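Read-outs throughout are calculated quantities, based only on the coordinates presented, and are distinct from any laboratory measurement. Small disclaimer: the values here were computed from a predicted structure and weren't measured. A quick note on method: Cβ atoms are made from the backbone with ideal geometry, for glycine too, and the neighbour counts reach across all protein chains shown.
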């Protein structure tokens, strides 16, 4: 019984020491164009505001009614040097979302409809 108690105390101490050594940080979110959220891990040529503005223009030209969507979320991939702007519909129905990919170097876009 004493052996079991000592093992439990030792494990608890190890978890307290080593478990707290790993500090998970929440992703940074900054308020940008119309309140869009962003996760940028590396230096990009376009700012978050510029990438979102380009995506909004592309979506509007494609006939999307942006008032039916939540505030867009901007993600940047430093390996692909591309922005992905995500638009989630306000109504939770299948396929009520889309994304716009923005090339960081050229500003060229590709719209991906929800499935």
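Annotations
- Our estimate of slack between residue 71 and residue 108, defined as 0.36 nm per intervening residue step minus the Cα-Cα distance, is 11.2 nm.
- FRET efficiency, residue 49 to residue 96 (Cβ-Cβ, R0 30 Å, nearest 0.05): 0.75
- Rounded if a/c under 1.5, otherwise prolate or oblate - segment 40-91, Cα gyration tensor axes: prolate
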